[in-house]
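S.K.: Could you have a look at this structure, given as C-alpha cells, before my questions?
None of the figures in this text is laboratory data; all of them are computed from the coordinates on show. Predicted, not measured: the structure shown is a model, and the values here were computed from it. Here the Cβ positions follow ideal geometry from the backbone for every residue, glycine too, while neighbour counts run over all protein chains shown.
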Amino acid sequence: MKKSVLHVLFVFFVFFSFFAFSIAVNAAPIPVAEINPGYVYIGPVGDGGWTYMQDEGRRAVDAAFPGLKSTIVESVGEGPESVPVMERLIRQNKSKLIFAGSFGYMDYVEEVAKKYPDTIFMHVSGYKRADNVGTMFGRMYQPRYLSGLVAGKVTQSGNIGYVAAHPIPEVIRMINAFTLGVRKTNPGATVKVIWLFSWFDPGKEKEAAKALIDSGCDVLAMHADTGAVAQAAEEAKTYVIGYNNDMSQYAPTMHLTAPIWDWEKLFSPIVKQVADGTWKSEAIWWGMKEGAVDLAPFGPAVPEDVRKLVAAEKADIISGKQAVFTGPIKDQSGTVKIKQGETMSDDDIWSMGWFVEGVLGEVPK
Amino acid sequence: MRLRAEKRIDSPAWMTFMTTALSVLLALTAGGVFLYLQGVSPFAAYAAILKSAFGSGYDLSETAVKALPLAIVSLAVMLSFTMLVWNIGGEGQALVGALAAAAVVRYFPVGSKPAMLSMMALAAVFAGGFWAGIAGLLKAKWNVNEIITTLMLNYIAMRLLEYFVYGPWRDPSSLGFPMTKPFIAAARLPSLWGTRIHMGIYALFFLTAVMEILLWRTRFGYEIRVMGDNARAARYAGMDCMKKVVGVMFISGAIAGFAGMCEVSGLQGRLQSGFSAQYGYTAIIVAWLSHLRPSLSLIIAFLMGALLVGGEALQIGMGLPMASAQILQGLILFFVLGGEFFQNYRVRIDAG
C-alpha cells in the first residue's frame, strides 16, 4: 500500500518535473520591441528575385507588428563569413530571432545557435534543427507544377528550356514538378536543363537563356535569383515563366506567369510565436494552402482554357484532393518510380535526386 | 601646360609617412562626404566601424579571423611580386590546397591530430605549389603570360571543387546537397582562446619571419629582388631567371595552398560548394600596400580585416545597404593606393 503511494508520488513528480521542464524550454514571451529580428540575405535586395521577395516579406512583417525593429545584412557568403554576421546581429542589435535566408548557412547557423541558446534561429531550406533552430520552406513545387501546365499548352515546338541554379534536391524537384505539369498538357514535350552552379549570376543566367533559345526552345522557365532570364526572353521574343516574383516587368509581352513566394506568410507567424512565447523548433513546409507560395497573374498570351484548367488544378491542390507527385511517375530511363495511385512521401520529395521522364539533362554524379 | 610624372630616385621616410597620412585623411574625407550624402553621420559611421573592428576582445578576434587568410595569401603573392612575376592565382592555389587537405581526410584518415594535420598541410602545400608551378613552368619554357594562366587556373580550381562536392565526395547523408562529410575531429585545427582564431595564426607568424629572412637576408632573396628590379642586369650577372620563376611560383603557390587548408580545417570543417579561400584577390592589395614587406603585411592585413568587418558594421549598425559599404571600402582603397603613386612619382607641371 505504502509502496504504491510512493509509486504514484514518484510518477507524479516525474510528470510534474517533465512538465515544468518543458515550460522552461519554451521561451518566455518577448515584447515585440525587443525581438529585433535579423535577416541574413544571400544576395542584394536589388536582385529582383529571391532576396527581393524575402525583403518584401520582411517589410510586410515590420508593418504588421508596430514597434518591431528589423535589421538586414545583404550579400552574405555561404561560408564561415556568415558566422560573425549572425553574432553581430545578436551582440550589437540584440536580435532574439535570426532568419538565415539560404541553404548554405546551415552548418554556421548550427554553430552560432549552440553559442547563443537564447536566440531563436529560423533557417530557410535546410534540414538541421536544434532546440533553438527551426527550418522553414515553401512547397514551391505546387505552383511550379501549375506553371508547367501553362508551358505545355503554350509551346509550339515542344522544346522547353529551363535555366537552373544548382543541382540540389530543391532545384531538381522543381524541374520535376514543372515537367510533370508540362507533360500533362503536352505529353510529347521535353524540358532541357542548363545548370548555372550559382544562385546569383545575371550574366551567366542570360547566356544560358540565349543558348536555350538558340537551340530551339520556345518557352523558358528558370530557377535563379534574378530577372536576367526574363529579360533575355523578352529580347528574343520567347515566352518565359519567371520565378520568385511576378517578373512581367522584365518581360512585359512574353511573361506567362511565375511561381512566386510570399515570405510574409512564413516570417509573420514565427514573429508572432516568438512574441507570444509559443515558438518551438519544427520543420515548416507550407504550400499554396497556407499562402506561402502562389502563381503570379497570367500574361496576355495565356489562353482562357488554360487559365480555367490551372484554376481547377490549383483548387484541387489546395483542398488536398490532388498531390503533385502522384504516380505513375517514370524516371528518365522509363522505369516506373512511383506506381499508379501512390503518392511520394514528404521525405522522398525533399531529397529527390533524379529526373522524371521528359527532362533532357542530367544530375551531376 | 602639360602634366608629367617622373619617377623619384628615392623617397625619404618623412615623405612616405606624409603621403600615407595624407591619403588616409583624404580617403576618410571622401568617404565622409559619401556617407553624408547617404544621410548618415560620417562620425557615427566611422565610430561604428572602429567599434566593431576593435571594440572588444570578441571584435578583435573576428577581425583577426578575417585577416588571417589575407595575411597568408599576401605572403604568397608577395614573393612572386618581388620578382615581378604576377601570380594572381592565390585564390585558386588556396582552393586546390583545401581540396588536397580534404582528400587526405577522406582517403587517409588517422586518429592522431598532429599526424593528420601534418599530412593535410603537406598535401595542401604540394597541391598549391603544383598549381602555381604549372603557370611558372609555362612562363619559364615558353614565356606564357603568368597573369593569364594563374587567373585561368583559378577557374579550373573552382570547377574541380564543384566536381568533387557535387560528385564523388558528396556526403550521402546530406540529402543530395553539395558538401563533403564533416571532417573527423583530428582533422580540425584547434581554435585558440575561446575564439574562432585557429592555430594557423602561429604558422602565420612563423611564415612571416621566414619570408622576411628569405627575401631580405638570403642570396635567394637578393637574386629575386635583383631580377625584379632589372631582369637584364640579373642575366648579365649570371642569374638564371627562368629556373627561379618555377621555384618562386612553387613556393608562392605552396603558401597559398596552406592558407586554403587553414580555412577548410580551421573554420569550415568540411568542403562545401561555394568554398572560397576568402579574399584571394584582396590579398594582392594587401601585398602591394605593405610594399612587399612580409612584416608590414601583418599589420596591413589586420587593417584590411577591419575594413571588411566595417562593411558588415555599416549594414547592421547604420542600416546602410551592402553596396554603400562596398563603395566606401572602394573609396578608401582608391585613395590609399593613389597615395602610393605620389610616393614613387613626382608630378611636374610643364608650362607651354
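S.K.: Can you give me the angle between helix A:106-115 and the longest principal axis of chain A, using Cα atoms only, in degrees from 0 to 90, rounded to the nearest 10?
M.R.: The helix A:106-115 is inclined about 10 degrees to chain A.
S.K.: Which of these, A:Thr155, A:Thr257, A:Thr226, has the largest mean-square fluctuation under a Gaussian network model of chain A (Cα springs below 10 Å)?
M.R.: A:Thr155
S.K.: Which of rounded, prolate or oblate describes chain A when judged by the alpha-carbon gyration tensor and an a/c cut-off of 1.5? List each step's numbers first, then the result.
M.R.: Numbers: a/c = 2.23, a/b = 1.61, b/c = 1.38.
Prolate shape, in that a/c is at least 1.5 and a/b is the bigger ratio.
S.K.: Report, by chain and number, residues whose modeled amide H sits under 5 Å from the one on A:Ala296, excluding near sequence neighbours (fewer than 5 apart, same chain).
M.R.: For A:Ala296, the qualifying residues are A:Ala258, A:Ile260.
S.K.: What is the helix-to-structure angle for A:263-276, meaning the angle in degrees between its Cα long axis and the longest Cα principal axis of chain A, kept from 0 to 90 and rounded to the nearest 10?
M.R.: 0 degrees
S.K.: Another question, then. In whole Hz, with x marking every Gly and Pro, tabulate ³J(HN,Hα) for the range A:70-81 from phi via Karplus 6.51 cos²θ - 1.76 cosθ + 1.60, θ = phi - 60°.
M.R.: Values per residue, Gly and Pro as x: 9, 10, 10, 10, 8, 6, 8, x, 8, x, x, 5 Hz.
S.K.: Compute the Kirkwood hydrodynamic radius of the range B:64-292, taking the inverse of the mean of 1/r over all pairs of distinct Cα atoms, and give it in Å to one decimal.
M.R.: About 17.7 Å, per the Kirkwood formula over Cα pairs.
S.K.: Any idea which of B:Ser273, B:Ser252, B:Phe177 is furthest toward the positive side of the dipole for the range B:64-292, if Lys and Arg beta-carbons carry +1 and Asp and Glu beta-carbons -1?
M.R.: Working it through, the farthest residue towards the positive pole turns out to be B:Ser252.
S.K.: How do B:Met318, A:Met254 line up, fewest other C-beta atoms within 10 Å first?
M.R.: Taking fewest neighbouring Cβ atoms as first place, the list is B:Met318, A:Met254.
S.K.: Estimate the FRET efficiency between A:Glu342 and A:Lys128 by the formula 1/(1 + (r/R0)^6), using the beta-carbon distance for r and 30 Å for R0, to the nearest 0.05.
M.R.: Once rounded, the FRET efficiency stands at 0.55.
S.K.: Counting other beta carbons within 10 Å of each Cβ, put B:His198, A:His223 in order, fewest first. Working shown, then result.
M.R.: On the way: B:His198 20, A:His223 26.
Sorted ascending by nearby Cβ count, the order is B:His198, A:His223.
S.K.: Sequence-distant or interchain residues sharing an amide H contact under 5 Å with A:Tyr239, placed H: which?
M.R.: The answer is A:Leu220.
S.K.: Using only Cα atoms, tell me the angle between helix A:141-154 and the longest principal axis of chain A; keep it within 0 to 90° and round to the nearest 10.
M.R.: Helix A:141-154 sits at roughly 10 degrees to that axis.
S.K.: Just check the range B:67-113 against the gyration tensor rule for me: Cα atoms, a ≥ b ≥ c as the square roots of the eigenvalues, rounded for a/c under 1.5, and otherwise prolate or oblate depending on whether a/b exceeds b/c.
M.R.: Prolate is the answer for the range B:67-113, as a/c is 1.5 or above and a/b outweighs b/c.
S.K.: Taking every DSSP beta bridge that has both residues in the protein assembly as shown, what percent is antiparallel when rounded to the nearest 5?
M.R.: 30 percent
S.K.: Using a Cα-Cα cut-off of under 15 Å, which aspartates and glutamates could be cross-linked to B:Lys244, ignoring same-chain neighbours fewer than 8 residues away?
M.R.: Reachable aspartates and glutamates: B:Glu146, B:Glu223, B:Asp229.
S.K.: At 222 nm, what value in deg cm²/dmol follows for the protein assembly as shown if DSSP H runs of at least 4 each add -39500 (n - 2.57) and the sum is divided by all its residues, to the nearest 500? The partial results should precede the final answer.
M.R.: On the way: 24 runs with 392 residues, N = 717.
When only DSSP H runs of four or more count, the value is -18000 deg cm²/dmol.
S.K.: Calculate the FRET efficiency for B:Lys181 and A:Lys184 from the Cβ-Cβ distance with a Förster distance of 35 Å, rounded to the nearest 0.05.
M.R.: Efficiency at R0 = 35 Å is approximately 0.35.
S.K.: A further question follows. Using all Cα-Cα distances in the protein assembly as shown, what percent lands in each 20 angstrom bin from 0 up to the longest?
M.R.: Percent of pairs per bin, in order: 16, 43, 32, 8, 1, 0.
S.K.: Only counting other Cβ atoms within 10 Å, I'd like A:Tyr243, A:Tyr250 sorted with the fewest neighbours first.
M.R.: A:Tyr250, A:Tyr243
S.K.: OK, next. Can you say what percent of the DSSP beta bridges in the range A:229-365, counting only those with both residues inside, are antiparallel? Round to 5.
M.R.: Given both bridge residues lie in the range A:229-365, the antiparallel proportion sits at roughly 70 percent.
S.K.: Out of A:Gly134, A:Gly341, A:Gly46, any idea which swings most in a Gaussian network model of chain A, alpha carbons joined below 10 Å?
M.R.: With Cα springs under 10 Å in chain A, the top fluctuation among A:Gly134, A:Gly341, A:Gly46 is at A:Gly341.
S.K.: Along the charge dipole of the range B:71-198, Cβ charges K/R +1 and D/E -1, which of B:Ala124, B:Trp193, B:Tyr155 sits furthest on the positive end?
M.R.: Value computed over the given set: B:Trp193.
S.K.: Considering lysine pairs in the range A:38-130 that are 8 or more places apart or on different chains, how many have Cα atoms under 18 Å apart? All intermediate terms of the calculation are to be shown ahead of the outcome.
M.R.: Working: A:Lys69/A:Lys94; A:Lys69/A:Lys96; A:Lys94/A:Lys114; A:Lys94/A:Lys115; A:Lys96/A:Lys114; A:Lys96/A:Lys115; A:Lys114/A:Lys128; A:Lys115/A:Lys128.
Pairs that pass both the separation and distance tests number 8.
S.K.: Can you give me the span-like helices of chain B, meaning DSSP H runs with 27 Å or more of Cα extent along the axis and Kyte-Doolittle mean at or above 0.0? Please list the in-between numbers first.
M.R.: Values: long enough: B:13-37 (36 Å, 1.65); B:57-82 (35 Å, 1.15); B:113-142 (43 Å, 1.07); B:146-166 (30 Å, 1.00); B:241-262 (31 Å, 1.50); B:294-318 (35 Å, 1.63); B:322-344 (34 Å, 1.11).
Length and hydropathy pass: B:13-37, B:57-82, B:113-142, B:146-166, B:241-262, B:294-318, B:322-344.
S.K.: Nearest 5 percent is fine: what portion of the DSSP beta bridges confined to chain A is antiparallel?
M.R.: 20 percent
S.K.: With a ≥ b ≥ c the root eigenvalues of the C-alpha gyration tensor of the range B:57-173, is it rounded (a/c under 1.5), prolate (a/b larger than b/c) or oblate?
M.R.: Judged from the Cα gyration tensor, the range B:57-173 comes out oblate (a/c at least 1.5, b/c at or above a/b).
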